[in-house]
Amino acid sequence: MTNDENFIFRLLKEVIQEVGEANVVQVITDNAANYDVAAIKHFIMNHSMRLAIFNEFVSLKLLSIADTRFSSMIVMLKRFKLTKSGLQNMVISEKWNIYRDDKLGRARLVKEKLLDDCFWNSVDYILSFTAPIYDMIRACDTDRACLHLIYDMWDSMIVKVKKAIYHKEGKRMKDSSSFYDVVHRILVDRWTKNSTPLHCLAHALNPKYYSQQWLQEDSSQVPPHMDLKLTQERQKCLRRFFPGMEDRSQISLEYAYFISNSGTFGDFDAINTQYTMDPKSWRLLYGTFTLMLQKIALRLVQQPSSSSCAERNWSTYSFLHSIKRNKITPKRAEDLVYMHSNLRLLSRKTPSYAQGENQMRDVAGDTFNSLDDVGDLQLLVFPLMSQR
């Protein structure tokens, strides 16, 4: 049975008749631009001749991304945008026209799609409003200390997504958009599920968000202590950290000193460096006036946002302890995971990690935090893995 337009029409018609026309609000199918990209990718890569033609016109490879990796479709769309000119030159070349196989219809469809401006406009649009979301997820997926930045990144991400959608729809920011409402609802549900009062407390203890430079970036921004929701979440967190009334009164007093620029916080250099200095260094220099607040702030500004970086050890373990190597002892597997992970961390300090053929060899590296292209990724064999 062929899933052509006639088959899909009959299938949808039967379903609509079964549930009743009055109960159908919308029909959603999988014919979006990202699905077209997946079909084009498989058509090219699943045949040696088509792949050989592709390699003649495009220097970058079409990524084979695991289904379990987040935003795999977004990464694939980005790679297609980077290879746009090469893909178009490929399908209009004489080699593509001369080559024949038993899938002429699909080859014609691929050519039409790659030369269709509407298709590429859809790709650009998808990337424009998903890029801020992807960047924030990538920031949370590293082992860098970023817990104190997540709350502000969330607000900035929402604004960027809204601007991209409204620009495409030609609307003013105060107008309504049904599509943005759907996207915003999904994002809010995800934030509600994953955010904790700790994000709010870390945000409230970051001196950057009390500086004049940050407040002047956007007229709608206010210091954390003037945000009602932030204040409620901060107090909830402090009550859990300090169940005793005496300690909680002391930490509240120290926080009041902090937001009012009292004591060492009122120093000229302390105020001038709120925006530019690393919050850990700032606390160490000027936070001795409030020792309890300094202690908890230093803990928070050094925390990563998620445990996903620790889960990479399991990926390394599955590489070492596979079906073919299932007799390896647990102690040896643990030692190999330890050594491999540390070699990976040490390799990031080498010049080849920033440039050369092995540039950013681990795509999940801590410095890979945007949709910007990282070039043609090569496979690197660590010294440990090359030894028997």
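The values are calculated or read from the model by the stated rules, or taken from the named source; none is laboratory data. It should be emphasised that the depicted structure is a prediction, and the values quoted were computed from it without experimental measurement. Note that each Cβ is placed from the backbone with ideal geometry, even for glycine, and that neighbours are counted across all protein chains shown. Accessible surface areas use protein heavy atoms only, side chains included; no ligands, DNA or RNA. Shrake-Rupley method; radii C 1.70, N 1.55, O 1.52, S 1.80 Å.
Between rounded, prolate and oblate, where does segment 159-289 land on the alpha carbon gyration tensor, with a ≥ b ≥ c its root eigenvalues, rounded for a/c under 1.5, else prolate if a/b exceeds b/c?
Judged from the Cα gyration tensor, segment 159-289 comes out oblate (a/c at least 1.5, b/c at or above a/b).
Mind listing the phi-derived Karplus ³J(HN,Hα) values for segment 255-266, rounded to whole Hz, using 6.51, -1.76 and 1.60 with θ = phi - 60°, and x for any glycine or proline?
Those phi angles translate into 5, 5, 4, 5, 6, 9, 6, 8, x, 5, 5, x Hz.
What's the local net charge at K168, with K and R +1, D and E -1, over the other residues with C-beta under 14 Å away?
For residues surrounding K168, the net value is +2.
May I ask you to evaluate 6.51 cos²θ - 1.76 cosθ + 1.60, the Karplus curve with θ = phi - 60°, for each residue of segment 148-164 and list the ³J(HN,Hα) values in order in whole Hz, giving x for glycine and proline?
Those phi angles translate into 6, 10, 5, 4, 5, 4, 4, 4, 5, 5, 4, 5, 5, 5, 5, 4, 5 Hz.
Determine the gain in length on full extension of the stretch E112-K61; use 0.36 nm per residue of separation and subtract their C-alpha separation, reporting nm with one decimal.
Full-extension gain reported as 16.2 nm.
Cα-Cα pairs above 23 Å in segment 74-167: how many percent?
Pairs farther apart than 23 Å: 46 percent.
Note the full-extension length gain between A256 and L228 as 0.36 nm times their separation in residues minus their Cα-Cα distance, in nm to one decimal.
Length difference between fully extended and current span is 8.5 nm.
Please compare each pair in K78/K171; K81/K162; K113/K162; K78/K324; K160/K280 to a cut-off of 30 Å on the Cα-Cα distance and tell me which ones are over it.
Pairs exceeding the cut-off: K78/K324.
Can you send over the carbon and sulfur percentage of the accessible area for segment 89-235, probe radius 1.4 Å, protein chains only?
The value for segment 89-235 is 54 percent carbon and sulfur by accessible area.
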